[in-house]
1. Among 157-166, 34-43, what's the highest-first ranking by average C-beta atoms within 10 angstrom per residue?
2. Could you pull out the GluC sites (Glu not before Pro) across region 25-70 that fall in loop regions by DSSP (anything but H, G, I, E, B) with no more than 16 other Cβ atoms inside 10 Å?
3. Work out the length of the dipole vector of region 2-81 about its Cα centre, built from +1 on the beta-carbon of each Lys and Arg and -1 on the beta-carbon of each Asp and Glu, and round it to the nearest 20 debye.
4. In whole Hz, with x marking every Gly and Pro, tabulate ³J(HN,Hα) for region 95-108 from phi via Karplus 6.51 cos²θ - 1.76 cosθ + 1.60, θ = phi - 60°.
5. Using only the alpha-carbon atoms of region 10-126 as identical scatterers, what base-10 log of I(q)/I(0) does the Debye formula give at q = 0.16 Å⁻¹?
6. In whole Hz, with x marking every Gly and Pro, tabulate ³J(HN,Hα) for region 158-174 from phi via Karplus 6.51 cos²θ - 1.76 cosθ + 1.60, θ = phi - 60°.
7. List the residues, sorted by chain then number, that are 5 or more residues from H176 or on another chain and whose placed amide H is less than 5 Å from its amide H.
8. Can you list the residues, at least 5 places off or on another chain, whose amide H is less than 5 Å from the amide H of G108, using H built in the peptide plane?
Amino acid sequence: MAIPSGRALLDPAKILKEAGLTAGQVYADFGCGTLGHFVLPASEVVGPEGRVFALDILQSALVSVRERARAARILNLETVWGDLKHKQGTRGIADASVDLVSFVNLTGLLLKDAMVIANTRRVLKTGGRLLLVDWRPEIEMSKFMTAYTTDSELLKTALEKNGFNLIKFFSAGPNHFGLLFQKT
């Protein structure tokens, strides 16, 4: 079975639109990775009045994202080193300042440590949204990603216990599900 890649696998602009990201908003991608697959398109969506945070635990990923942003002349993107399992894991992002936080192919982190959800809640505005995108369990590739992915029902239960309401469940691509939550 061939797995598509790039935008054929996940179209970030389409997914961010589905999540309601608009011009002038603040977006943070937790676990942005080396390609900045979501943060680079998000910077275009939010425009010059908006702001984008690319957070990762790997400095090398942040260097790569900064270089890509510089090459694309993106000025509204800031990289943040952080470990979401620690109390100050999102330092550099002000409390209640973000409209939309995303976890892409890393949703299992939300269940591994309560501090991950706490850090996410801390940066989100009241009414802010949490976007989760991950492999559908029946997809062969998900078996190789089990350390970082999880079942959508487990996510829903854990997040509802921590002050999030599910807004919608949607298809995020041929092999991925999307969940959109709102902070209450």
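Every number in this text was worked out from the coordinates using simple rules, so none of it is lab data. Values in this document were obtained by computation on a predicted structure and should not be read as measured data. For neighbour counting, all protein chains shown are included, and Cβ atoms are generated from backbone atoms with ideal geometry for every residue, glycine included.
1. Details: 157-166: 15.2, 34-43: 22.3.
Descending mean neighbour count gives 34-43, 157-166.
2. E49
3. So the dipole magnitude of region 2-81 works out to roughly 180 debye.
4. Karplus-based 3J(HN,Hα) across region 95-108 equals 4, 6, 10, 10, 7, 9, 10, 10, 10, 10, 6, 9, 4, x Hz.
5. The calculated log intensity ratios at q = 0.16 Å⁻¹ are -0.67.
6. 5, 6, 5, 5, 10, x, 10, 10, 6, 8, 6, 10, 8, 7, 9, x, x
7. R136
8. T149, T150
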